[in-house]
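The values are calculated or read from the model by the stated rules, or taken from the named source; none is laboratory data. In this text, all values refer to a predicted model and were calculated from it rather than measured experimentally. Cβ sites come from the backbone with ideal geometry, for glycine too, and all protein chains shown count toward neighbours.
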Amino acid sequence: MRLVVKYGGPSISSVKDIQTIAKNIRLLSKKNEVTVVCSAVHGITDDLLEISDLIRNEDKSKAEQVVSKVINKHKQLATKTIKKPNLQKKLLSKLDQDFSELLALIDGIVLLGEVTSRSMDYLSSFGERLSMKLISAAINDIGKKSVPLTGKEVGIVTDSVFGESKPLMDTTRLRVLKTIETLFSKNIVPVVGGFTGADQHGHITTFGRGGSDYSATIIGSCIKADEIWLMSNVDGLMTADPKIVKNAKVLKEVSFVEAIEMALFGAKQIHPRTFEPLLSQKIPMKIRNSFNMDNQGTLVTISPSSSFKNTVKCVSNVQHNGLIDIRGGSMIGTPGTAAKIFATLANSGINVMMISQNPSESSITIVVKNSDLDKAVNVLEMDLLGKIIKKLEVTTDVAIIALIGSGMRGTVGVASKVFGTIEKKGINVSMITQGSSELNLAFVVKNSDTNKAVKALHDTFQLAKIN
């Protein structure tokens, strides 16, 4: 088989983890053509983001301390992981070049006195640039040929939207296929740093947090992979957050559309755009635990077998949001009102997570992240209050509860079962939405009621007995 195997940060935390990855890849590559995609070493992306915040706050000495921590961690991993002296020396030399470049970049940002989106992408790309060299060296160290490649080097070409770039797939497909086919013909395992590409001018771009998943599916699509495996520290997609529901189960099989909904509603292990490159080619994906290879994880396909078409497959939750109720008599029957509201928010970079409008058109209710709440209220008041908006009512600290499952489509009584359960628990619902696809039923409750609601619904739909 032709496989793309992506390792997330939690799978790359220690010397043992890196050596385990190398052994697994050597074993897999005996009978398969394998491309590895890796995230940064666990915690390193957070360190790089902290460096940017410290530079913004003009705290250069603290920023240098964090850089030293990043450098020392990778040097220790290199010296303890790689046993062959010549390979270790070569790896340390390559890492030193990256460290010098990182320090020069930080000096440049400090001199400029600002962190731009472009320099932020350049800075945050170093996590993957360092980890791919460690993993590739570890594979070489146990006798299997491997080369490390950045997203730019493998051939991923993107637009110039720094921080949230999108691939230019026609160009990317040609370049990636040529690069990887050449390596496969020489029996070499490519190890690609995820999360990054480069625009048409060669500037480094990133796909946003969790973007290594997206890198894996872009590459898988380009090389027509048979399967893509996302490896992390979880066994797969779950029926609920196991921190809330102790008897939550791993879902053996879900559809792409269900997995997309789960990603949007709190399945932290998937980047929401991960599935885009796979849909047209129908490449199956597995979400697996790199520490538990005996578990087959969750299989994500275009159409799961009928035995896995449960009415509800999971109860997701997204906590720490704010609800804004927007009211105004002049909104009734006025074309373009909603467009003005959402354009105002979009122009300020605010993502609206959930929308509800009553039939009278006198109010629109939206949910945004808590971190965006003050900004959203301010911009709506400044631009629209007294014009099309007469009143804003704000509720802080709310959670979105979402029930997901393609089996809900056309099934009578799902909503009554949901809200009957919620009523019995004495939980107040502030807002409800359900799309015409009936794939997702979502509602808003107080943050403090999240656990109670999720547990109750998990029990009502007997999700502990799924599969």
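Out of (1) at pLDDT below 95; (2) surrounded by fewer than 22 Cβ atoms within 10 Å (Cβ to Cβ), what's the single condition that is false for Gly8?
Every listed condition holds for Gly8 apart from (2).
Residues are listed down the side, and each one gets a yes or a no for (1) touching a Cys at 6+ places or on another chain (Cβ under 9 Å); (2) more than 30 Å from Lys30 (Cβ to Cβ):
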| position | (1), (2) |
| --- | --- |
| Lys62 | no, yes |
| Ile71 | no, yes |
| Gln76 | no, yes |
| Gln88 | no, no |
| Leu111 | no, yes |
| Tyr122 | no, yes |
| Glu128 | yes, no |
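All but one of (1) over 24 Å from Gln357 (Cα atoms); (2) buried (at least 17 other Cβ atoms within 10 Å of the Cβ) hold for Lys452, so report the exception by its number.
The single condition Lys452 does not satisfy is (2).
Conditions (1) in a helix (DSSP H, G or I); (2) charged (D, E, K, R); (3) free of Cβ contacts under 8 Å to residues at least 24 places away in the same chain, marked per residue:
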site	(1), (2), (3)
Asp383	yes, yes, no
Glu393	no, yes, no
Asp397	no, yes, no
Ile400	no, no, no
Ser416	yes, no, yes
Gly420	yes, no, yes
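Within the stretch 373-408, which residues are among the charged types (D, E, K, R), in contact with a helix residue (DSSP H, G or I) (Cβ under 6 Å, 6 or more places away or on another chain) and closer than 29 Å to Glu261 by Cβ?
Passing the criteria: only Asp397.
I'd like the residue in the stretch 109-118 that is of a type outside the set (S, T, N, Q) and in a helix (DSSP H, G or I) and, out of all such residues, is surrounded by the most Cβ atoms within 10 Å (Cβ to Cβ).
Step by step, filter the stretch 109-118, then rank; the result is Ile109.
Asp374 is checked against (1) out of contact with any Lys or Arg (no Cβ under 9 Å at 6 or more places or on another chain); (2) assigned to a helix (DSSP H, G or I); (3) modelled with pLDDT under 90 and fails just one. What number does that condition carry?
Looking at each condition in turn, Asp374 falls short on (3).
In the stretch 209-228, how many are assigned to a loop (DSSP other than H, G, I, E, B) and under 13 Å from Glu128 (Cβ atoms)?
2
For the subset of the stretch 373-383 comprising residues that are under 13 Å from Asn347 (Cα atoms) and buried (at least 19 other Cβ atoms within 10 Å of the Cβ), which member is farthest from the chain's Cα centre (by Cα)?
If we take residues in the stretch 373-383 being under 13 Å from Asn347 (Cα atoms) and buried (at least 19 other Cβ atoms within 10 Å of the Cβ), then Leu380 is farthest from the chain's Cα centre (by Cα).
State all residues of the stretch 130-143 that are surrounded by fewer than 21 Cβ atoms within 10 Å (Cβ to Cβ) and either outside the structural domain of Lys178 (by TED's automatic domain parsing) or over 17 Å from Thr79 (Cβ atoms) (or both); if no residue qualifies, say none.
The answer is Gly143, and nothing else.
Could you please find all residues in the stretch 443-467 being touching a strand residue (DSSP E or B) at 6+ places or on another chain (Cβ under 6 Å) and within 14 Å of Ala248 (Cβ to Cβ)?
Val454, Leu457, His458, listed by residue number.
Would you confirm, using the coordinates I've provided, whether Phe443 is closer than 26 Å to Ala339 by Cβ, free of Cβ contacts under 8 Å to residues at least 60 places away in the same chain and either surrounded by 14 or more Cβ atoms within 10 Å (Cβ to Cβ) or touching a Gly at 6+ places or on another chain (Cβ under 6 Å) (or both)?
Considered against the rule, which asks whether it is closer than 26 Å to Ala339 by Cβ, free of Cβ contacts under 8 Å to residues at least 60 places away in the same chain and either surrounded by 14 or more Cβ atoms within 10 Å (Cβ to Cβ) or touching a Gly at 6+ places or on another chain (Cβ under 6 Å) (or both), Phe443 comes out as yes.
Can you run down the residue pairs with Cβ atoms below 6 Å, 6 or more apart or on separate chains, where the first is in the stretch 95-110 and at pLDDT below 90 and the partner is among the small types (Gly, Ala, Ser) and part of a helix (DSSP H, G or I)?
Pairs found: Ile109/Ser119.
Here are some conditions: (1) under 30 Å from Val4 (Cα atoms); (2) assigned to a helix (DSSP H, G or I); (3) touching a residue at least 60 places away in the same chain (Cβ under 8 Å); (4) among the aliphatic types (A, V, I, L, M). Ala40 meets all but one. Which one does it not meet?
All conditions are met except number (2).
Being assigned to a loop (DSSP other than H, G, I, E, B), among the hydrophobic types (A, V, I, L, M, F, W, C) and at pLDDT below 85 is the filter here, so list the residues in the stretch 244-291 that pass it.
Matches in the stretch 244-291: Phe265, Ala267, Ile270, Phe291.
Regarding the stretch 37-53, can at least one residue be identified that is in contact with a strand residue (DSSP E or B) (Cβ under 6 Å, 6 or more places away or on another chain) and crowded, with 17+ Cβ neighbours inside 10 Å?
Yes: the stretch 37-53 contains one or more residues that are in contact with a strand residue (DSSP E or B) (Cβ under 6 Å, 6 or more places away or on another chain) and crowded, with 17+ Cβ neighbours inside 10 Å.
Just one of (1) on the phi < 0 side of the Ramachandran plot; (2) modelled with pLDDT of 85 or more trips up His320, so point out which.
For His320, the exception is condition (1).
Can you tell me which residue is modelled with the lowest pLDDT among those in the stretch 203-243 that are of a type in the set (D, E, K, R) and farther than 20 Å from Ser125 by Cβ?
Restricting to residues being of a type in the set (D, E, K, R) and farther than 20 Å from Ser125 by Cβ, the top hit is Asp235.
Only residues that are touching a residue at least 60 places away in the same chain (Cβ under 8 Å), over 23 Å from Ser232 (Cα atoms) and not hydrophobic (A, V, I, L, M, F, W, C): list them for the stretch 43-94, please.
Ser52
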